[in-house]
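Single-structure report; data block below.
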Amino acid sequence: MDPLFMAYSYFRRRKYKEAVDVCTQILERNPYDQAAWHLKTRALTNQVYVDEVEVDEEGLAEILMDDNVIANVSRPGTSLRGPAVKETSGPTQGVRPTSQGGRPLSGYVRPGTQSGRPGTMEQAIRTPRTAHTARPVTSASGRFVRLGTASMLSTPDGPFINIARINFSKYASRPTLAKGLFEYIFHHENDVRNALELAALATEACQYSDWWWKVALAKCYFRLGMYRDAEKQLRSALKSDEVIDAYLHLAKVYCRLDQPLAAIEVYTQGLKQFPGETTLLTGIARIYEGLGKMEEGVKYYKDVLKSDNMNVEAIACIATNHFYTDQPEMALKFYRRLLQMGVYNAELFNNLGLCCFYAQQYDMTLTCFMRALSLAEDDVVIGDVWFNIGHVALGICDIKLAYQCFRLALSHNNDHAEAYNNLGVLEMKKNHVEAARSFFQASFVMAPHLYEPHYNFAILADQLGDFQSSYLSAKRAVETFPDHVDSKELLKQLKEHFSLL
Amino acid sequence: MTENSDKWLDAYHDPVASLYTFTQCLTLSDIQADGDWKLIVADLGTGTYDMKLKVYKNTTLLSEHTIIDLPTGVVTFYMDTLTPRTPAIAVASGPYIYVYKNLRPYFKFTLPPLDIHPVEEDLWNQAKTDQVNILNMRDTLEAMRQEGASLTVRSIKLLQMETNNLQNFVNLHKNTPLKKQTVITCLSTMKKSVPDDDAISCLVLGTENKSIYILDPEAFTVLATVNLPNVPVFISVNGLFDVDYRIVVSCRNGCIYTLKRGSTDVTRNMIELNSQPVGMERVNKNIYVGCMDETLHCFTSKGKKLWTVRLPASITAMEAIDYKPKSFTAVIVALSNQEVHIYKEKYLVDVLKMDDVVTGMRFGRFGREDGTLVMSTKRGGLFVKILKRTAKFEEKDKLAGPPAAQNTKLNLPKKTKLFVDQTQREREQCVAMHRTFQRDLAQLRLKVLREYVKALDSSMNPISSDPMEPLKLSAHVQGIGPTFKFSVKLQNTSLTQSSSNLLITFDYDEHLYDFRKKLIQVPILVPGLTYSFDTFIDCKTDKGLSDNVKVYVLKPGKSIPLITGVVSMPVSESIVLV
């Protein structure tokens, strides 16, 4: 068989390693075989290829030293930064827990849904920076460092293409080769500067008519943090050709510039051209979710399901919303759908268990949790499952069991602030004041975004007669959850107390 | 600014009019008989001097007269039958009534002097001829005061003085004849014989010596005197002097008396209040009284209590509305929370939000507009509002009944069909479900206990469960690498027990990390305090790998750690060489 044909076959079957090996053999025989060279670059690229639109975790440096910020305090409902605005639809913080950034938890873990924006450098560095939650220092390092180094490891006798010695202008004039080369430099070598140079030359060579190169330029600009330039390129690309990719990238640029409403506009514009396009719909839904407008977000997720009824993200998010809006039986149905689709992991069983419990299907509840425990590999997930079992134990009034479950949650995940808080409450019930106090303290030091430990601590201090601490704590609780009635009541009581002579 | 209302027009506002006045000292009248009604204000000035009688024509000051003493009331009344029908202005101030006609001083009426206590008179007569020791005189006066005798102003002043000033004071005043005068507390008018708008009116005034006087407008003689059990403060009159009249007087002791023509026993028709009255208005047959305890009461003229409304703040002024074109009658109550409430019967029909506390109000015709509300405020502002002709006061209580929030429908999710189906299943298979749950629960308990014991045995817990060593550990990593700061916080959670002789050590992959301090000796831990121990870690790899690090708290002589903390390290940033 023709080795090149075989390489193509491997490539199509996504056996990239084999494809690369075959190509290397061909190239050893004839170093100037352009077809083999091109195939090898593509195979190498696809090995490490990540969808550029999806993965976007903002780094510490981008957040703290953001030079695109115009106003420190944005108008409510127009920013993804800072806590969600008051006039959100859907359940409050008291019902639906929030992420660190003060936004409602999403039903689907994506980059940027877990950790919020830290307010200060100290907070950014200090917040439990584990392998699970840590941000990369800049988006130019972190994941991209790993990608770059991975390529170096796989080729012991030096890199496949020595970029420093490539004559870009030669390749730029040959569009077929240039595109492959660009992707290789951008994704495999992670050398944005050279990729940008190539893209610039290639755009010039095709007389600014190819949208692909404009998007490529925008990708480079985006990676370099030059968002306005990226925006310009994408707008220009959209003028000549309407492509989904450009729309997605443009919306991403607006999100990074913290203009979610502009991003939604871009998505809707895209939807006019490509009605029912799930990526665009999902984009809108995500932004609404981030803005705290759950109802709107769910509407778009439902639209996604109309076009693609296997979309895991949409199903998961709708299920979560149903769960937190007091319809666990509906959530259960959606999660069962996920299970039928072949999603089989600890998180799903955990959610199924919770839904069963709250929908009063008790016979399934504990089985689901047991399954979740046996499936969980990650300590953090095990911790979460134990925490939820603890809630079930509280539901059946078995305080001792609940206590043990929370302790187990902590032994698996030392940073489980919610478990600390619940343990504190249990200790408080037992009149172990000192222990309760230290648990609450641990809880709010670990998770400053929770209002519960602050409030509980305030209650405890109030009972002990330490009104000053109680007042300060209650104030912090109100800061994190401005609508918390109990904290406000406590504050009012304390204020009255202070004003008495 | 005041909020936009669909009932009131903002005709004029001057927040710096520097008026210091109250409801009693405000009046609206057509004093030039030209159909253009003026606002007459007795301004209290600074409260000690600079008292003025001001007349506003529309919003401009028409004239100003100085008043010698603090004014206590202003009314206008027709004192003759001459045309044009210009009413006179009467200003009550101290024991005098100053009457102005055509904006010129016309007459000064002095209240008849009161009888002086014979002992006091005797004392001063003796003092005139230096027959009495001043100190003795003072002691006698003081004894009289103690007994409750009412003294002259001069004697009271004497009692207030220091001993060394007494002689001078007595020398200065002893030659002038001793007079005892009272002070007017409230002022009103009453038509004399015909009920026309421009009929001749009598002045009705209440005084500090617990009396009501009715004065003849032409001759300024006292037509009638009524004695009250207490000092009158608010007075309300209707009827005709020559025919029949009723005077409702509220007194400082919290009682309201009704005086009728010809009757002398005032206590027969008496209303007792729970608190001191701060305002009284009479609308038709009802008497509205605002009290110091933030309540508004309504009584019939017979003295029967109809209702009580509790107000959100204390009352500063009250005024009745009688808007004839719409036959709208109500009571306006100004409150100390800068609001003005309008009550029609017991229903709150409107609330005006002002930006200052209103101290004086008058509703009536001003300029050529019938329904005008003139208000003076605490900071000296003057506000004029006109009742819109389209204004409709709904006779519905804004407060009574269920609050508005109760009627808004809550966004509760409906119970789905699915839920109903599931409850059906629950009902049918309750026994099986319960059994399964109990079996699973037993299994779960077993599993929890096993895991718990395992965790205890290996001390894989950041909280100690050993009652002898109640400790809590938390560990944090700071920094972005390759060097991290690792801080361990230890807290003794017991109340009394201190723990000592502890060590901290770490368990880590030696290929990945290097701890600068491998062992930390822990000093004695005092209960309740949090101790922090720090060390630096160097990450040896630049491959983007990370691992968990365990922190052990050890006690010498024990094979397993007391408590363990697990920290998953962040991915280290590699050193950037520039």
A chain fully extended from B:Val526 to B:Thr505 at 0.36 nm per residue, minus the present Cα-Cα distance, gains in nm 5.5 nm
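About the Cα centre of chain B, what is the dipole size in debye to 20, counting +1 per Lys and Arg Cβ and -1 per Asp and Glu Cβ, all else neutral?
For chain B, the charge dipole is close to 1660 debye.
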Using the Cα centre as the reference, give the magnitude of the dipole from point charges on the C-beta atoms of the protein assembly as shown (Lys, Arg: +1; Asp, Glu: -1; all else neutral), rounded to the nearest 20 debye.
1240 debye
Report, in degrees rounded to the nearest 10, the 0 to 90 angle that the Cα long axis of helix B:417-428 makes with the longest principal axis of chain B.
60 degrees
Are there trypsin sites (Lys or Arg not before Pro) in the range B:289-342 that DSSP puts in a loop and that have at most 15 other Cβ atoms within 10 Å, and which ones?
B:Lys302, B:Lys304
Does anyone have the angle between helix B:118-128 and the longest principal axis of chain B? Alpha-carbon axes, 0 to 90°, nearest 10?
80 degrees
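If you place +1 on the Cβ of every Lys and Arg, -1 on the Cβ of every Asp and Glu, and leave all else neutral, what size is the dipole of the range A:235-361 about its Cα centre, to the nearest 20 Debye? Present the calculation step by step, with values, prior to reporting the outcome.
Values: 13 positive and 15 negative charges, 14 e Å.
In total the dipole reaches around 60 debye.
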Calculated FRET efficiency for the pair B:Asn253/B:Thr140, C-beta based, R₀ 35 Å, to 0.05:
0.75
Evaluated over the range B:79-143, the Cα radius of gyration and Dmax, each in Å
20.9, 61
Stokes-Einstein translational diffusion, the range A:215-269 - Kirkwood Rh over all Cα pairs, 1.306 mPa s, 10 °C, in µm²/s:
149 µm²/s
Give me the percent of Cα-Cα pairs in chain B that sit more than 36 Å apart, rounded to a whole number.
60 percent
Pop out the ³J(HN,Hα) list for the range B:58-64 in order, Karplus 6.51 cos²θ - 1.76 cosθ + 1.60 with θ = phi - 60°, rounded to Hz; leave Gly and Pro as x.
6, 10, 9, 6, 8, 7, 8
Can you give the Rg/Rh ratio of the range B:268-401, where Rg is from the C-alpha atoms and Rh is the Kirkwood radius?
0.95
Between rounded, prolate and oblate, where does the range B:494-547 land on the alpha carbon gyration tensor, with a ≥ b ≥ c its root eigenvalues, rounded for a/c under 1.5, else prolate if a/b exceeds b/c?
prolate
Can you tell me the Rg and Dmax of the range A:240-399, counting just the alpha carbons, in angstroms?
18.5, 66
With the charge dipole of the protein assembly as shown built from beta-carbon charges (+1 for Lys and Arg, -1 for Asp and Glu) about the Cα centre, the Cα from B:Leu471, B:Phe169, B:Ile271 projecting farthest to the positive end belongs to B:Ile271
Given a Förster distance of 45 Å, the FRET efficiency implied by the Cβ-Cβ spacing of A:Arg235 and A:Asp21, rounded to the nearest 0.05, works out to 0.60
For the range A:409-448, alpha-carbon Rg over 2.2 N^0.38 Å:
1.05
Bounding extents of the range A:439-501 in its principal axis frame from Cα atoms, largest first in Å, are 38, 24, 13
Kindly flag which residue pairs out of B:Lys7/B:Lys353; B:Lys192/B:Lys260; B:Lys7/B:Lys324; B:Lys57/B:Lys388 have an alpha-carbon separation exceeding 18 Å in this structure.
B:Lys57/B:Lys388
Kirkwood Rh and Cα-based Rg: tell me the resulting Rg over Rh for the range B:119-238, rounded to two decimals.
1.15
Using label points projected 7 Å from each Cα along Cα→Cβ, tell me how many nm separate B:Tyr49 and A:Met341, to one decimal.
8.9 nm
Pick out, from B:Thr225, B:Val237, B:Thr390, the residue whose Cα sits farthest towards the positive end of the charge dipole of chain B, with +1 on the Cβ of Lys and Arg and -1 on the Cβ of Asp and Glu.
B:Thr390
Averaged over B:106-114, number of beta-carbon atoms from partner chains that fall within 10 Å
0
Measure of size requested: the Rg and Dmax of the range A:174-220, with Cα atoms as the atom set and Å as the unit; please supply both.
9.4, 27
Looking at the P(r) of the range B:1-113, how many percent of alpha-carbon pairs lie beyond 21 Å?
41 percent
For peptide B:414-426, compute the average count of partner chain beta-carbon atoms within 10 Å of each residue's beta-carbon.
3
For the range A:1-44, state the average projected area of the convex hull of the C-alpha atoms over all orientations, rounded to one decimal in nm².
2.5 nm²
Give me a single rounded figure for A:403-415: the average over its residues of other chain Cβ atoms within 10 Å of their Cβ.
6
Kindly give Rg over Rh for the range B:1-59, based on alpha-carbon atoms, with the Kirkwood expression for the hydrodynamic radius.
1.03
Given a Förster distance of 41 Å, the FRET efficiency implied by the Cβ-Cβ spacing of B:Ala149 and B:Ser336, rounded to the nearest 0.05, works out to 0.60
Classify the range B:191-241 from the C-alpha gyration tensor, please: rounded if a/c falls under 1.5, else prolate or oblate depending on whether a/b exceeds b/c.
prolate
With no solvent term and unit scatterers on the alpha-carbon positions of the protein assembly as shown, Debye gives log₁₀ I(q)/I(0) at q = 0.04, 0.05 Å⁻¹ of -0.42, -0.60
If each residue of separation counts as 0.36 nm, what is the full-extension length gain between A:Gln468 and A:Ile244 once their alpha-carbon separation is subtracted?
74.9 nm
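Each value in this text was obtained by applying a stated rule to the coordinates, not by laboratory testing. For clarity, every value in this text was computed on a predicted model and none was experimentally measured. So basically every Cβ, Gly included, is an ideal-geometry build from the backbone, and we count neighbours across all protein chains shown.
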